[in-house]
Amino acid sequence: MSYVIEAEDISLSLGKKQILDQISFRVGEGEIFGLLGPSGAGKTTLIKLLTGQLKQDAGYARLLGRDTGGLGAAEHSQIGVMMDDLGLYERLSVYDNLAFYADIYHISRGKIEELLESVGLYEARRRAVSKLSKGMKNRLSLARALMREGKILFLDEPTSGLDPVTTRQMHEILAGLKKKGVTIFLTTHNMYEAASLCVRVALLNEGKIIEQGRPGEICRKYNDLNLLRVTLKSGEEVLLKNSPASALRMREYLEQDAIWAIHSTEPTLESVFIELTGKEWI
Amino acid sequence: MSKAAAIFKKELKDTFKNKTILIQFLMFPALVPIMENAVRIDGMPENFFVKLFASMYIGMAPLTGMAAVISEEKEKNTLRVLLLSNVKPCEYLLGVGVYIWTACMLGAVVICAAGGYGLRGSLVFLSVMAAGILVSALIGAAIGVWSKTQMMATSVTVPVMMVLAFLPMLSMFNDSIAAVAKYTYSEQISILLNQIDAPRMEVSGVWVIAGNGLLAALLFAAVYRRRGLE
């Protein structure tokens, strides 16, 4: 697999505070990579560093094989960035916001309408950005990031503050992009989002990656208790060891038609984070 | 250049929806014809309001316009997104600067027309205004680059603007103020504008304006070097 984003032992301090500490990961072409962490973990800083807005103190970061400290027009044309603060022109209309960037990128006006359709904002194209909902603003920011049809998309908390329906719409758009082969680097503090969207994730805490891998593999790795939670029709919950030793008990329940539901108790990404850091997920 | 042109076009669209900036651009050009026609006092110099408001316009509109546009883009992170889109800082500053200068020059044309000057007078008037607007825009750019938020920009812009805009008027009433004011470009612009109808102009003030322009450019360079556009 060819890697389009590479970070090796990246460290960064701002003032006396260590923001990133020996961060290493690689993102393959066409992959959705999720960086999970609570607020203040260093996620946005890492995106800034990978997109050349900041320079690391130590280690190296490469984007499309080039050092992120020296990204040129060719690399910039291959990346789309959606920051958490969006950076939209509030007084201008939806269309004018994209038209401005179309002029910057030398892209035809026809592309704007196509993009507005793809993110479901065509009907709102004449509306001032200040009059849009949070979800619509997020989708507009995403449309702007998609304008150049780059190979890599950086999304900083793309669904933060969105309702479940809009979140699902965003997820559908991102899944569609993945099918087109776009590499997506996304930060989130929503573990369900990460687990459902990302091929691989990294858990970031206080500037350090404390675990990374496929979401399912991480959860299985920390499944120390390996229990089954059996909910009986009587309302009682029974925890059984997920092993042949529990077979007899399970058989009894099945014969009595007493089982309402069976769930495994494998940890979630959130519980793994809590186990590793001893901190609550915020 | 095309990116600077796109920024120019965007600023043009935005101005019509930005009341704060729009008022700055329109207030004096709108007031001058009204005041010139409505107020007549015996002994009042010819084109009194044209000359007074022209120098005040120079001290206000370009300065507040530049500072407000840059500081707003910084505060709302639109500038960061622009720079990420491979727009160079010089292209951004050129686009905004040329826009503010052009918009202010349009205002200057309106003020000039209200003065009813001939061709020579109009050329002198607009040349003097062009130079003054450029110096003010540089000071405004320095304030905008220095400020992280619009609030910070306003807190600096207002006193600077008050001094530059009102010095020419205050110096008419107080010799001590006039003695200090003569070293500022807004006062020298006022002096030059007052000589437009004279057969011979005293042009030594041009050096003061050029000197002020150089200082404004150095100030901008120093602030930009320290803060950049981040």
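The values are calculated or read from the model by the stated rules, or taken from the named source; none is laboratory data. Note that the structure is predicted; figures quoted are calculated from it, not measured. Methodologically, a virtual Cβ is constructed for each residue, glycine included, from the backbone with ideal geometry; neighbour enumeration extends over all protein chains shown.
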Failed condition for B:Thr20, given (1) surrounded by 10 or more Cβ atoms within 10 Å (Cβ to Cβ); (2) away from chain A (no Cβ under 12 Å); (3) modelled with pLDDT under 85:
(2)
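How many residues, within segment A:244-282, are within 30 Å of A:Ala202 (Cα to Cα) and either in a helix (DSSP H, G or I) or among the hydroxyl-bearing types (Ser, Thr, Tyr) (or both)?
Let us first name the residues in segment A:244-282 that are within 30 Å of A:Ala202 (Cα to Cα), namely A:262-282.
Applying the additional criterion that residues be either in a helix (DSSP H, G or I) or among the hydroxyl-bearing types (Ser, Thr, Tyr) (or both) yields A:264-265, A:268-277.
Qualifying residue count for the region: 12.
Quick one: is B:Ser190 hydroxyl-bearing (Ser, Thr, Tyr), touching a Leu at 6+ places or on another chain (Cβ under 7 Å), surrounded by 18 or more Cβ atoms within 10 Å (Cβ to Cβ) and closer than 19 Å to B:Cys112 by Cβ?
On the way: hydroxyl-bearing (Ser, Thr, Tyr): yes; touching a Leu at 6+ places or on another chain (Cβ under 7 Å): no; surrounded by 18 or more Cβ atoms within 10 Å (Cβ to Cβ): yes; closer than 19 Å to B:Cys112 by Cβ: yes.
So B:Ser190 fails the test.
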Given (1) modelled with pLDDT of 90 or more; (2) of a type outside the set (Ser, Thr, Tyr); (3) buried (at least 19 other Cβ atoms within 10 Å of the Cβ), index of the condition A:Leu162 fails:
(1)
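Could you list, in sequence order, all residues of segment A:89-137 that are of a type in the set (A, V, I, L, M, F, W, C), under 26 Å from the mean Cα position of the chain (by Cα) and under 27 Å from B:Ile70 (Cβ atoms)?
Filtering segment A:89-137 for residues of a type in the set (A, V, I, L, M, F, W, C) gives A:92, A:94, A:98-100, A:102, A:104, A:107, A:112, A:115-116, A:119, A:121, A:124, A:128-129, A:132, A:136.
The next check asks that each one be under 26 Å from the mean Cα position of the chain (by Cα); those that pass are A:94, A:98, A:112, A:115-116, A:119, A:121, A:129, A:132, A:136.
If the condition is that a residue be of a type in the set (A, V, I, L, M, F, W, C), under 26 Å from the mean Cα position of the chain (by Cα) and under 27 Å from B:Ile70 (Cβ atoms), then A:Val94, A:Leu98, A:Ile112, A:Val129, A:Leu132 are the ones that fit.
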Residue check, A:Gln78 of a type in the set (S, T, N, Q), out of contact with any His (no Cβ under 9 Å at 6 or more places or on another chain), in contact (Cβ under 8 Å) with a residue 24 or more places away in the chain and under 24 Å from A:His189 (Cβ atoms)
no
How many residues does segment A:170-190 hold that are at pLDDT below 85 and either at positive phi or among the polar types (S, T, N, Q) (or both)?
1
Which residue pairs have Cβ atoms under 6 Å apart, sit 6 or more places apart or on different chains, and have a first residue in segment B:90-113 that is over 15 Å from B:Val135 (Cα atoms) and a second that is among the polar types (S, T, N, Q) and surrounded by fewer than 24 Cβ atoms within 10 Å (Cβ to Cβ)?
B:Cys112/B:Ser122
Every residue in segment B:23-46 that is surrounded by fewer than 18 Cβ atoms within 10 Å (Cβ to Cβ), under 20 Å from B:Leu193 (Cα atoms) and acidic (Asp, Glu), please.
B:Glu46
Out of B:Lys51, B:Lys74, which single residue is assigned to a helix (DSSP H, G or I), in contact with a Leu (Cβ under 8 Å, 6 or more places away or on another chain) and over 20 Å from B:Ser147 (Cα atoms)?
B:Lys51
Just one of the numbered conditions (1) under 24 Å from B:Trp146 (Cα atoms); (2) away from every other protein chain (no Cβ under 14 Å); (3) not basic (Lys, Arg) is not true of B:Leu12; which one?
(2)
Look at A:Lys111 and say whether it is of a type in the set (Lys, Arg), closer than 22 Å to A:Leu177 by Cα and surrounded by fewer than 19 Cβ atoms within 10 Å (Cβ to Cβ).
yes
Quick count over segment B:72-89, residues being in contact with a helix residue (DSSP H, G or I) (Cβ under 7 Å, 6 or more places away or on another chain), touching a residue at least 40 places away in the same chain (Cβ under 8 Å) and among the charged types (D, E, K, R), is 2
When you scan segment B:143-166, how many residues do you find that are among the β-branched types (Val, Ile, Thr) and closer than 13 Å to B:Val69 by Cα?
5
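Just wondering, is there one or more residues in segment A:139-147 that are part of a loop (DSSP other than H, G, I, E, B) and within 12 Å of chain B (Cβ to nearest Cβ)? Can you show your working first?
Taking segment A:139-147 and keeping what is part of a loop (DSSP other than H, G, I, E, B), we get A:147.
Now narrow it down to the ones that are within 12 Å of chain B (Cβ to nearest Cβ): A:147.
Within segment A:139-147 (the criterion being part of a loop (DSSP other than H, G, I, E, B) and within 12 Å of chain B (Cβ to nearest Cβ)), the answer is yes, since at least one residue qualifies.
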With respect to B:Val208, is the statement that it is in a helix (DSSP H, G or I), over 25 Å from B:Ala68 (Cα atoms) and not basic (Lys, Arg) true?
yes
Any chance A:Glu157 is surrounded by 18 or more Cβ atoms within 10 Å (Cβ to Cβ) and either within 22 Å of A:Phe25 (Cβ to Cβ) or charged (D, E, K, R) (or both)
yes
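One line per residue, one yes/no per condition, for (1) small (Gly, Ala, Ser); (2) over 20 Å from the mean Cα position of the chain (by Cα); (3) over 26 Å from A:Leu142 (Cα atoms):
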{"site": "A:Ile173", "(1), (2), (3)": "no, no, no"}
{"site": "A:Lys180", "(1), (2), (3)": "no, no, no"}
{"site": "A:Met191", "(1), (2), (3)": "no, no, no"}
{"site": "A:Ile210", "(1), (2), (3)": "no, no, yes"}
{"site": "A:Glu255", "(1), (2), (3)": "no, yes, yes"}
{"site": "A:Ala258", "(1), (2), (3)": "yes, yes, yes"}
Within segment A:96-137, work out how many residues are assigned to a helix (DSSP H, G or I) and either away from chain B (no Cβ under 14 Å) or of a type in the set (Lys, Arg) (or both).
17
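So that you can scan it fast, the table gives a plain yes or no per residue for (1) under 26 Å from A:Leu146 (Cα atoms); (2) under 16 Å from the mean Cα position of the chain (by Cα); (3) away from chain A (no Cβ under 14 Å):
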residue: B:Ile41; (1), (2), (3): no, no, yes
residue: B:Tyr57; (1), (2), (3): no, yes, yes
residue: B:Arg80; (1), (2), (3): yes, no, no
residue: B:Cys90; (1), (2), (3): yes, no, yes
Among all residue pairs at least 6 apart or on different chains, which show Cβ distances below 9 Å where the first residue, located in segment B:202-230, is more than 14 Å from chain A (Cβ to nearest Cβ) and the second is exposed (fewer than 14 other Cβ atoms within 10 Å of the Cβ)?
B:Val208/B:Tyr183; B:Gly211/B:Tyr183; B:Asn212/B:Tyr183; B:Arg227/B:Lys148
Looking for whichever is surrounded by fewer than 21 Cβ atoms within 10 Å (Cβ to Cβ), in contact with a Pro (Cβ under 9 Å, 6 or more places away or on another chain) and small (Gly, Ala, Ser) here; the options are B:Ala103, B:Ala113. Which one fits?
B:Ala113
